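Beneath this line is the structure, given in structure tokens, with notes to follow.
The values are calculated or read from the model by the stated rules, or taken from the named source; none is laboratory data. Bear in mind the structure is a predicted one, so any value in this text is a computation, not a measurement. Ideal geometry is used to build each Cβ from the backbone, glycine not excepted, and the neighbour counts take in all protein chains shown. Ligands, DNA and RNA are stripped out before the accessible areas are found, and what is left, the full protein with its side chains, is counted by its heavy atoms. Shrake-Rupley method; radii C 1.70, N 1.55, O 1.52, S 1.80 Å.
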Amino acid sequence: MSHQTAASAPDPAQLVASFKSHLAQSTRIVTIIGAGLSASSGLPTFRDVNGLWCNHDVFLIASPAGFRRDPGLVWQFYSERRRAALRAAPNPAHYALANLAEAKPGFVALSQNVDGLLQRAGMDAKQLKLLHGNLFDLSCAGNCGYVDYNNFVDPLCEVLSEGRVRSNVMGADVDEGGKPPKASALLFEGIAAKNKKILGEEKFAEVAPTAKDAAPLRELGEEVRVPEAAPELHSGIEKEELPQCPGCGEHLLRPRVVWFGEALPEDVMEDVDNLFKEEKIDLCIVLGTSSTVWPAAGFCEEARAKGARVAWVNMSAKDCKSARSEDWVFLGDAAVVLPEILNTSENEK
Ligand code: BV8
Ligand code: ZN
């Protein structure tokens, strides 16, 4: 773990000590949580997989439009993430936060994560605001009001059973080096479909693309996006094969998560607004997030406006975007950093 304030790199021990003494005096503490918290539990972040799943743009899949267009594909995406989260376990950072919440009644976690690991680490639900929903709650896609909380059934139906989903799942073939995923069969199909359309059947047969054709895509790194071709492809899963809403019997069930373009849960946003309306906030910990998705990306400045000192915990300095000289910046794995900086004597179980 390397520590620094934005300005100069003071002595690390001194930095941890100054953070711990401020933590000890703090009563109202807010932590803004992202996928980095669960990285050490083996769950890939959105960054790790380059924002791609089966070479589909995650932002397209995690959207109402994506669900209307191909609910089968979207359910494959979430079914895989449910399975991965069920198989994962909370890491020491989840427990350190649950302990802090128990020790500090004025602690609130604003989590963008939908994996359920903080709940499994025993964090009190009153102190945990799930900004983007929960993979294990299901609701009616037609909004008839039906909700199935804490549904841990896997697979939810035959068509979503393991192995029925295309070979590579979100981040499945990301090796530890964090290199972006290799071009999948889906991508090859996509390129093929595109070329067949452009060239026509006979000409295409001659020049069908090979793995070599897709190789350059991998080298391009971060800003790679799915080539036009892929969107044409369809999961081939019929609506009848997917989880149906038992409430109205007319619509599909959907994962009760917040998709891009959808508003955050009203009750949660009310709590968040009150949090930033009420009295002073002493400390804001920005944990394992790239601060790219709104409105969560704006909460740090709202906490700062309420007088909070800010501490950043992230693997990459680059993602401690609006860190200021007086902030604490702890660079490293959350599962290592948090237990160390949060274990002030009275917080110890
Ligand atoms: C809305 C649930 C309006 C589903 C998710 C203002 C400006 C620009 C755009 C917008 C704007 N306002 C709204 C938008 C649009 C959009 C948005 O923000 N787009 C972005 C892409 C620019 N926002 C929305 O659409 C929101 N809705 O605005 O509605 C509205 C209002 C009224 C009525 C109707 C509509 C809804 C956004 C929620 C989308 N759902 N998730 C699902 O999970 O599938 S977002 C999803 O992506 C996550 O929940 C999370 O929020 C985000 C990923 O971010 P991170 O968690 O930070 O993960 P990331 O991979 O990016 O980074 C990982 C970090 O961890 C890195 O920093 C890395 O360095 C670090 N790390 C890695 N390993 C470790 C580590 N750190 C420590 N230890 C480690 N081991
Ligand atoms: Zn319904």
Item to complete: Using only the Cα atoms of region 73-152, build the gyration tensor, take square roots of its eigenvalues as a ≥ b ≥ c, and label the shape rounded, prolate or oblate: rounded if a/c is under 1.5, else prolate if a/b is larger than b/c, else oblate.
Response: oblate
Response to the item:
For the table 126/277; 126/239; 126/321; 129/280; 277/318, the rows whose alpha-carbon distance is greater than 26 Å are 126/239; 126/321; 277/318
Practice prompt. Using a cut-off of 11 Å between beta-carbons, work out the net charge of the residues near residue 157 (Lys and Arg +1, Asp and Glu -1, residue 157 not included).
Written response: -3
Worksheet item: Which percent of the accessible area of region 60-160 is formed by carbon and sulfur heavy atoms (probe 1.4 angstrom)?
Response: 56 percent
Worksheet item: Stretched out fully, how many nm does the piece from residue 194 to residue 59 gain, at 0.36 nm a residue minus the Cα gap?
Response: 46.4 nm
Worksheet, complete the sentence: The set of residues whose placed amide H lies less than 5 Å from the amide H of residue 284, leaving out same-chain residues fewer than 5 positions away, is 30, 309, 310, 311
